[in-house]
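One structure is given below, encoded as structure tokens.
The values are calculated or read from the model by the stated rules, or taken from the named source; none is laboratory data. As the structure is a prediction and not an experimental result, all values here were calculated from the model. Here the Cβ positions follow ideal geometry from the backbone for every residue, glycine too, while neighbour counts run over all protein chains shown.
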Amino acid sequence: MKCRVSLSIVLGLMLTATDWGTASNWQSNVTLAVEVSTNTCNPVGRLLSVQGAVQLKRQGWSDYHSTNVGAVLCLGDVVRPAKGARVIVQCADPNQNPWTVPDGVPSGVATGCPEPNEALFRTTGPLTPTRDPLARGIPYIISPNNTLLLNDKPTLRWQVVPGATSYIVRVSGPGVNWETEVSTTEVVYPGKPPLQPVEQGYLLTVEADNGESPARGTFGLLDEQQAQGVRTATDRIASQNLSEEAKALALADLYIGHELIAEALEVLEASVAKGSKTAAIYHTLGDLYGQMELLSQAEKHYLKAYELATTADNIEGQANAAARLGEVYAALGNSDEASRWQKEAQERYQAM
């Protein structure tokens, strides 16, 4: 039996009832965008390497359009590399080898990347209206937060609270009741008592010395059988003849598919720190932060994704980033910006 933490259930128990208001209105007004956005497709791969020209035709599109590295590929999509072009796709199934798309002819994505046997975790759900945790003086947890882990000595990270001088950090769960006090915004769990892949998972709390309530996050360890499969797939990606940014995207997709959100954040943030110019890296980070309700970080990364997609003349990348920015601003209650980005997304999607 697979031993996994039911993160969706844990998250549901932690959320309080919220008035969706503007967010619901925004979502009802972008039916067109949602229908053709890759956020609603059944993803089976990602375009990781392109040498030459390549076009993509999604279901619902009237024609082919130029596409870019990082595009998520769905069942029903058709890829058409130019004659002599070399296009490599990383399939979502971690047991599947990369697919080199035949050049000069259209190829259905399903022929190279069949649907994975096991459903993969995704982070592209609707954004929840929320208040800024910093405005409440809470050291909102960045990682690990609603995630599984490969590493049993994780780095615990949270947002700085203005004016706070120290934080009490606690990890509790089966066989574990650990506590420490630090003046920084991160600390490495020492590994003692050892964390185990138990079904109940663990609770992380961080309390600032400002008298406010502590922030809470839940996490667990991936069971050893699945962890070994992920490590094998990680080694396979590392050995491929791909750019570092392409490897970062492939690793992030692998980790996200197994609910390893902390690992995905780490690999994508490392790519950004090296000066990544790939819109999909920033967009994926926006998705991760958005689902963690860290909307200021999500906004920053979606804006960068939009900027890079515009520079690359990537219409779909612009449309997807604009759609998510509309959701971010709606969740923040900024109806003017939500409407502006909604219109931007609709125009880009209609162009396709």
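Quick one: which strands (runs of 3 or more DSSP E) lie wholly within the stretch 43-94 and hold at least 3 residues that are in contact (Cβ under 8 Å) with a residue 60 or more places away in the chain?
43-51
As an exercise: evaluate residue 151 against (1) more than 30 Å from residue 188 (Cα to Cα); (2) part of a loop (DSSP other than H, G, I, E, B); (3) at pLDDT below 95 and give the number of the one condition it does not meet.
(1)
Being in contact with a helix residue (DSSP H, G or I) (Cβ under 8 Å, 6 or more places away or on another chain), modelled with pLDDT of 90 or more and not hydroxyl-bearing (Ser, Thr, Tyr) is the filter here, so list the residues in the stretch 199-219 that pass it.
Across the stretch 199-219, the qualifying residues are 201, 215, 216, 219.
Just checking, which of 176, 188 is surrounded by fewer than 17 Cβ atoms within 10 Å (Cβ to Cβ) and not hydroxyl-bearing (Ser, Thr, Tyr)?
Residue meeting the stated conditions: 188.
Would it be correct to say that residue 169 is at pLDDT 95 or above, under 23 Å from residue 284 (Cβ atoms), β-branched (Val, Ile, Thr) and buried (at least 20 other Cβ atoms within 10 Å of the Cβ)?
no
Looking at 247, 192, which is the one that is charged (D, E, K, R), part of a loop (DSSP other than H, G, I, E, B) and outside the structural domain of residue 89 (by TED's automatic domain parsing)?
On inspection, the qualifying residue turns out to be 192.
Give 52, 60 a once-over and let me know the one that is surrounded by fewer than 16 Cβ atoms within 10 Å (Cβ to Cβ), modelled with pLDDT of 90 or more and not aromatic (Phe, Trp, Tyr).
52 is the lone residue from the list that is surrounded by fewer than 16 Cβ atoms within 10 Å (Cβ to Cβ), modelled with pLDDT of 90 or more and not aromatic (Phe, Trp, Tyr).
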